Amino acid sequence: MASNIHQDYFLNIFEQNIGIIIKIARAYTKTIQDREDLINDIALELWKSFERFKGDSKISTWIYRVALNTSINYNRKYKSSSLASLSDLKLVNRINWLIEQDETSQAEILYDCINELNAFNKAIILLYLDGNSHEEISAITGITKTNVGTRIGRIKEQIKNLVIKKKQNYGTD
Amino acid sequence: MELIELQNMWKQYDDKLSETTRLNKEILKRLLQSKPERRLNWIKLKAGFNLVLPIVAIGLVLLPNIIFRNEIDFYAGSLLFGIVYILFYYWAIRYYMLINKIDYTNSITLIRKKVKQLEKYKIKISRLGYILIPFGILGIFLMANFPIFSKHSILPLSLIILVFLGSVYYTFKYEVFEQFRKIDIELDEIEQLEEK
């Protein structure tokens, strides 16, 4: 009974924050299959760490951390199998518990640009676009507040140029 | 295009996502109940297999082919092989335990540093492994009373040594130092991000 309540509580948190997970998974993968696998992995990592979550930080901070760390590591494991301790299992279920619609072309352009960034910058810009403050970004990433500010400035320039270039390639304005 | 436009684009996408995303809680619930357990069992099974395999290999391959002799060569060979074998075994277990200690609820920089340090550890143990393998092989030869310096053995033995030396030379000169250099640069970069 207690376990069910625990699980329901987790599911509610998960549902409230599913947007964060989808956006992060989309940014760190290139194919739909990878994305689905990654969302499954994130869900499981969150569930595994849920018992250890004592509310010392905000729920969103915990979700961002687990989702971003899983995503960064997910990319790694497909390059090298040496660190794939938790990911060797090939019995990945299709993600049949999630229903979502196709994204807009604008979002597609934005993701294409975000994809060009390295893992750290990708994390920072995703957190920034989601409306997190410099302080929150610092807490999630471990980067100092000053560095977050500097990085955002640089990424902004990079993204700006990339969006213009991509829009030209897509033939939209 | 300014950042504010990007943020607006993002906001629109976010709103649309919230509207169109639906969760099937029942399926997710079942998935959460069964999959971590299955995954955990798989990890345990794999770990168990990796722990048992070297022992089985020794039992099946080495022991039936080696006859005990009360000679200094045999003891020296057993000692050499035993030390190398135990070290390899210990490193493999330690590496596995370190991987499992990684906690994704920590900050990104911390996890990145841990992963990089793990990579470094892996390279270090591979390097030490390279150095120790000849001693392990020598131990087997001594235990098996293999005639190292006979007419029949000199050609295959020379070939083994040549291939081994070539591999060590290539690995040390081109791969290991380059990998270490890259990892150290990445670690420095991460530390700078945390310190400034």
When every residue in the stretch B:113-152 that is surrounded by 14 or more Cβ atoms within 10 Å (Cβ to Cβ) and of a type in the set (Gly, Ala, Ser) is compared, the one nearest to A:PHE120 (Cα to Cα) is B:SER126
Return a yes/no flag: does the stretch B:166-177 have any residue that is among the aliphatic types (A, V, I, L, M), within 25 Å of B:LEU62 (Cβ to Cβ) and surrounded by 12 or more Cβ atoms within 10 Å (Cβ to Cβ). yes
Restricting attention to the stretch A:106-161, the residues that are at pLDDT below 90, more than 17 Å from B:ILE4 (Cα to Cα), outside any loop (DSSP other than H, G, I, E, B) and of a type in the set (Asp, Glu) number exactly 2
Counting only residues in the stretch A:30-48 that are polar (S, T, N, Q) and surrounded by fewer than 16 Cβ atoms within 10 Å (Cβ to Cβ), the one nearest to the other protein chains (Cβ to nearest Cβ) is identified as A:GLN33
Apart from one, (1) without any contact (Cβ under 8 Å) to a residue 24 or more places away in the chain; (2) outside any helix (DSSP H, G or I) all hold for B:ASN145; the odd one out is (1)
Counting only residues in the stretch B:113-148 that are away from chain A (no Cβ under 14 Å) and β-branched (Val, Ile, Thr), the one nearest to B:ARG69 (Cα to Cα) is identified as B:ILE140
Subset of the stretch A:7-36, residues touching a residue at least 24 places away in the same chain (Cβ under 8 Å), within 21 Å of B:GLU26 (Cβ to Cβ) and part of a helix (DSSP H, G or I), comes to A:PHE10, A:ILE13, A:PHE14, A:ILE18, A:ILE21, A:ILE22, A:GLU36
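May I ask you to verify whether B:ARG94 is of a type outside the set (Gly, Ala, Ser) and over 14 Å from the mean Cα position of the chain (by Cα)?
Details: of a type outside the set (Gly, Ala, Ser): yes; over 14 Å from the mean Cα position of the chain (by Cα): no.
Judged against the criteria, B:ARG94 is not a match.
Out of A:TYR64, A:TYR74, which single residue is more than 7 Å from chain B (Cβ to nearest Cβ), closer than 29 Å to B:TRP42 by Cβ and at pLDDT 85 or above?
Working: A:TYR74 fails: at pLDDT 85 or above.
Answer to the selection: A:TYR64.
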If we ask which residues in the stretch B:96-112 are part of a helix (DSSP H, G or I) and facing chain A (nearest Cβ under 9 Å), their number turns out to be 8
Scanning the stretch A:133-158 residue by residue, those out of contact with any Leu (no Cβ under 9 Å at 6 or more places or on another chain) and touching a residue at least 40 places away in the same chain (Cβ under 8 Å) turn out to be A:ALA139
The condition from (1) within 24 Å of the chain's Cα centre (by Cα); (2) within 14 Å of another protein chain (Cβ to nearest Cβ); (3) assigned to a helix (DSSP H, G or I) that B:LEU193 misses is numbered (1)
Expected single match for hydrophobic (A, V, I, L, M, F, W, C), crowded, with 17+ Cβ neighbours inside 10 Å and out of contact with any Asp or Glu (no Cβ under 9 Å at 6 or more places or on another chain) among B:LEU187, B:LEU162, B:LEU193, B:LEU110 is B:LEU193
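The values are calculated or read from the model by the stated rules, or taken from the named source; none is laboratory data. Owing to the predicted nature of the structure, the values given are computational and were not obtained by experimental measurement. When we count neighbours, we look across all protein chains shown, and the Cβ atoms used for this are built from the backbone with ideal geometry, even at glycine.
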